[in-house]
Amino acid sequence: MFFFKEFQARGERESGRELKVVRTDNGGEYRGQLEEYCQSQWIRIEYIVPKTPNLNGMVERMNKMIMERVMCMLSHAKLTKTYWDEALMTSVYIMNRTPSVPLDGDVRQRVWIGKDVSYRHLRVFGCLAYVHVANYLRSKLDNKCRPCIFLGYGEIHFNYKLWDLIDKKVIRSRDI
């Protein structure tokens, strides 16, 4: 329930529009508390017949396209399936910044927030990256950078998600 409220607040704030309709596959997660909340907010819930993904064709095609991109990204980067979530987030990030046929060649992100989109910060998923280590975190003889693998982009702050090859953990570029 909390995640839906957060999604609604963020979506309305970013787009400047109200959420009016939620379409669901009639799963149990959309019953009870969420239904009551949507009714109190005047949000209509549309239910499709269970076990009929063909009735929600556009969403199903989009899911398939995203997962195919995830598999390609993991294969190209020679990374294991454990990084599927990072590949998925990066795939959606890039899709939202590429031209879209239904929008007559416009970019989803530009339509959503009403600002031009920059491409200067884009990197190849799984590429070797080096992150600078701040002076106060190292001694004179320590390396000034650490080798990492690029995994994606930050959700809130502008930063990169990286796999630190030395410490074997996910870090953010602004953490070091």
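For the chain, the solvent-accessible area works out to 72 Å² per residue, with a probe of 1.4 Å and every protein chain left in place. Just to verify a number: FRET efficiency for MET95 and LYS51, C-beta to C-beta distance, R0 = 30 Å, to 0.05? It comes to 0.65. Qualifying GluC sites (Glu not before Pro) in the range 1-37, where qualification requires a DSSP coil assignment and no more than 12 other C-beta atoms within 10 Å, comprise GLU18. The magnitude of the dipole of the range 132-171, with charges of +1 and -1 set on the Cβ of Lys/Arg and Asp/Glu and taken from the Cα centre, is near 160 debye.
Computed about its Cα centre, the charge dipole of the range 1-157 is approximately 680 debye, with only Lys, Arg, Asp and Glu carrying charge at their Cβ. Listed values for the range 132-139 are Karplus-derived 3J(HN,Hα) couplings in whole Hz (6.51 cos²θ - 1.76 cosθ + 1.60, θ = phi - 60°), namely 6, 9, 4, 4, 6, 9, 9, 9, and x replaces Gly and Pro. Between ASN143, TYR153, ILE171, the Cα set farthest toward the positive side of the dipole of the range 132-176 (charges on each charged residue's Cβ, about the Cα centre) is that of ASN143.
Sites listed here are trypsin sites (Lys or Arg not before Pro) in the range 1-93 whose DSSP assignment is loop and whose Cβ has at most 14 other Cβ atoms within 10 Å: ARG17, LYS20, ARG31, LYS51, LYS78.
Relative to one another, the C-alpha centroids of the range 80-103 and the range 1-40 are positioned 23 Å apart. Per-residue packing, averaged as other Cβ atoms within 10 Å, sorts the ranges 113-124, 84-95 into the order 84-95, 113-124, beginning with the highest.
Screening the chain for whole DSSP H helices of 24 Å or more along their axis (Cα) with average Kyte-Doolittle hydropathy at least 0.5 returns none.
Annotation for the range 1-53: chymotrypsin sites (Phe, Trp or Tyr not before Pro) lying in DSSP loop with at most 13 further Cβ atoms inside 10 Å of their Cβ are TRP42. Tell me, what % of the accessible area of the chain is carbon and sulfur with a 1.4 angstrom probe? Ligands and nucleic acids excluded, carbon and sulfur reach 57 percent.
The values are calculated or read from the model by the stated rules, or taken from the named source; none is laboratory data. Keep in mind that this is a model prediction, so the values were computed, not measured. Glycine also receives a Cβ, built like all others from the backbone with ideal geometry; neighbour counts cover every protein chain displayed. Note: areas computed on protein heavy atoms with side chains; ligands, DNA, RNA excluded. Shrake-Rupley method; radii C 1.70, N 1.55, O 1.52, S 1.80 Å.
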